[in-house]
Amino acid sequence: MTYRKTKVIVTRKLPDPIETRLMELFDVRLNLDDKPFTHAELIAAAKDADVLVPTVTDRIDAGVLVQANPDLRLIANFGTGVDHIDLATARQRGITVTNTPGVLTEDTADMTLALILAVPRRLSEGERLLRSGDWGGWAPTGMLGHRIWGKRLGIVGMGRIGSAVARRARAFGMQIHYHNRNRVHEETERELEATYWESLDQMLARMDIVSVNCPHTPATFHLLSARRLALLRPHAYIVNTARGEVIDENALIRMLRNKELAGAGLDVFEHEPAVNPKLLAMDNVVLLPHMGSATIEGRIDMGEKVIINIKTFVDGHAPPDRVLEGLL
Ligand code: 8YV
């Protein structure tokens, strides 16, 4: 098949330079008004496309995939996480899935650090106070938070993003601890002065701040369950820029309300775009609308990766960012 004859359906509005390049290369259907596709619209797209370019807001489940036309051979996801795609059904139907790893690492790590700083230092609370007009001026005991320097940071998931978080956290004087399926290279551990915990439970019980940086897979759903969250000490903070589903959100909310945890910084939620109103009412949380990778540079790089994956696939080669289920 030639590029020109390849029918690509893009489910959301992408940065202009990416959309322009896609239009130059392929037979493309864009979503200019950016209205998320309904399930029925996703099924219709899968019936029509050779290549589907979805994002995290599209649930590409078995219902979509079994109705796909036989020419749908590639799902070139715009984003790194692929938990919204039923990978097993895609594999059964011979559909290749690609993602966009690497290019959003630094931006997501920056946002993680922003939350690690924002929650203990009460950034959002301070800003709310100032904007409310109620600030009476400086006071020796006004807006006291907690020091970051010297605290223990426990990173859950030491992949690209987890390691980038660790590098930054070192510069803020934090002690790095991590739990990962596999221990990272000795050299990386030395560089980061990182302590590996084979037991997540044991690590959680000793940390001051915990950062979630692992993907959401069947194995990590509610990895931070009510039981595990209860291992955290009451002065601990938790930050999540990965996926809401990794934490049992109801259990987290209960603990925050009962002051069994000091606070949380959340960029992701279990039922996006819905955010539990109980969280919205809390002062000891900083809440962001899933914007960890939201830089124009990052989104253009992600689009470039999507284009390279499609081109390589159409050329008949294995695309560079194939998602191999077992490796997630
Ligand atoms: C993306 C993300 O913006 O890439 C990911 O996994 O979580 C986000 O930062 C989003 O997924 C785009 O589909």
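FYI, it's all coordinate maths here, none of it is from the lab. Note that the coordinates shown come from a computational prediction; the quantities given were computed from them, not determined experimentally. Neighbour counts run over all protein chains shown; Cβ positions are idealised from the backbone, glycine included.
How many residues does the range 276-298 contain that are closer than 22 Å to residue 228 by Cα and β-branched (Val, Ile, Thr)?
Total meeting the criteria: 2.
Which one of these is under 18 Å from residue 104 (Cβ atoms) and crowded, with 23+ Cβ neighbours inside 10 Å: 267, 301?
Exactly one residue qualifies, and that residue is 267.
Quickly run through the range 156-195 and pick out the residues that are within 22 Å of residue 286 (Cα to Cα) and touching a His at 6+ places or on another chain (Cβ under 7 Å).
156
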